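Values in this text are rule-based calculations from the coordinates and carry no lab data. Remember, predicted model here, so these are calculated numbers, not experimental data. For neighbour counting, all protein chains shown are included, and Cβ atoms are generated from backbone atoms with ideal geometry for every residue, glycine included.
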Amino acid sequence: MDVYLNGQMIPQDQATLSVEDAGLQHAVGLFETMIARQGKVFRLQPHLERLARSAQDLGLARDLDLTNLANAVELTLSHNNLTEARLRLTVTAGTVSLLKNTAPAKLDPTVLVIASPPTEYDPAYFEDGIRVVIAPPGANPFDALAGHKTLSYWGRLRTLRQAAAAGAGEAIWLNVTNHLASGAVSNVFLVKEGELLTPYARGEEVQGALPAPVLPGITRQAIIELAQERDLTVHRRMLSVEDLLDADEVFLTNSSWLVLPVSSVERKTIGEGKAGPITKELKQALLERVQTETAPD
């Protein structure tokens with residue numbers, strides 16, 4: 001498999017970065033994970049726009065060339081003759097010396113795109129659901145990096161690994177006020193009395209509130225759209241652990257698994273302990289939407 005690195009397609013085992021790259025030295029960088037179906041990336045533009053907003057908000061770069069980034073992603077997909085794929089786009093601030101001495105607009109970022117076959121999950125997960133555990137409060141609204149998809153992912157992967165060691169498939173993160181934030185690598189939705197509830201994401205806060213330390217997921221947004229099209233009420237609000245435990249259904253979203261049901265939280269069974277009817281409906285609707293939006297022109 002070849003990767004895209006700074007304008008060139010290179011065999012993956014030959015691709016190298018400078019030892020002074022800011023992503024390696026200080027985790028100064030952003031990434032997006034996407035899926036491709038039928039030879040087309042699902043919601044590529046929203047992924048790139050989210051990355052560009054984060055780059056501007058965090059001072060990585062004032063302007064990223066989204067056309068070039070889109071071309072890089074699409075080239076990586078087509079060059080490797082993949083129609084179904086998982087893609088990761090990484091943009092770092094380039095070399096550490098430039099980071100120290102140059103204004104954000106003048107940085108020469110490193111751009112890396114890696115394509116691989118889609119991640120395969122046990123089909124039973126999507127019918128039976130997974131168990132999740134609750135991690136200690138870790139999402140901090142006072143952290144300017146929270147709610148952005150930065151390279152500083154160690155904390156999330158650590159709690160995910162701890163969840164796996166406890167026999168769970170995901171860790172639910174709380175913010176510093178003990179309200180629900182997200183999964184370690186996902187967004188979280190609750191279903192209660194036929195309505196959909198999800199924590200505020202970055203940019204959705206009420207006026208005067210603290211910033212929401214939650215990534216505005218691309219798959220999350222697709223689910224909200226699909227729910228509204230079906231006249232399901234969607235609430236974005238502060239949610240407690242009690243809301244989670246008392247939910248009729250719980251499911252998680254991200255770009256890899258799309259919609260993943262939760263059967264239990266710690267020792268508490270959710271609903272009937274398997275995917276509920278609204279979760280199933282939205283999961284199927286999303287699969288159909290992916291097929292529609294990636295259909296050949």
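Observations on the structure shown:
- Cα-derived Rg over Rh, computed across the chain with Rh taken as Kirkwood radius: 0.97
- Along its first, second and third principal axes, ordered by size, segment 122-222 spans 43, 35, 23 Å in Cα coordinates.
- Contact order relative to length of segment 1-136, as percent, for alpha carbon pairs under 8 angstrom and 6 or more apart: 32 percent
- Net charge contributed by nearby residues that have their C-beta within less than 13 Å of PRO118 (K/R +1, D/E -1): +1
- Principal axis extents of the Cα atoms in segment 123-293, from largest to smallest and rounded to whole angstrom, are 37, 37, 30.
- Exposure proxy shown here: for MET9, MET34, the number of other Cβ atoms within 10 Å sets the order, fewest to most, as MET9, MET34.
- For the chain, excluding the exposed loop sites themselves (chymotrypsin sites (Phe, Trp or Tyr not before Pro), DSSP loop, at most 14 other Cβ atoms within 10 Å), the longest remaining stretch covers 154-297.
- When each of LYS149/LYS274; LYS192/LYS280; LYS192/LYS268; LYS40/LYS283; LYS149/LYS280 is checked by Cα-Cα distance, pairs over 25 Å: LYS149/LYS274; LYS149/LYS280
- Restricting attention to the chain, close to 80% of DSSP beta bridges with both partner residues there are antiparallel.
- The chain: most fluctuating residue of ASP63, ASP128, ASP246 per GNM, C-alpha cutoff 10 Å: ASP63
- Residue order, fewest to most surrounding Cβ atoms within 10 angstrom, among GLU32, GLU127: GLU127, GLU32
- Sorted ascending by nearby beta carbons within 10 Å, beginning with the fewest, GLU288, GLU225 become GLU288, GLU225.
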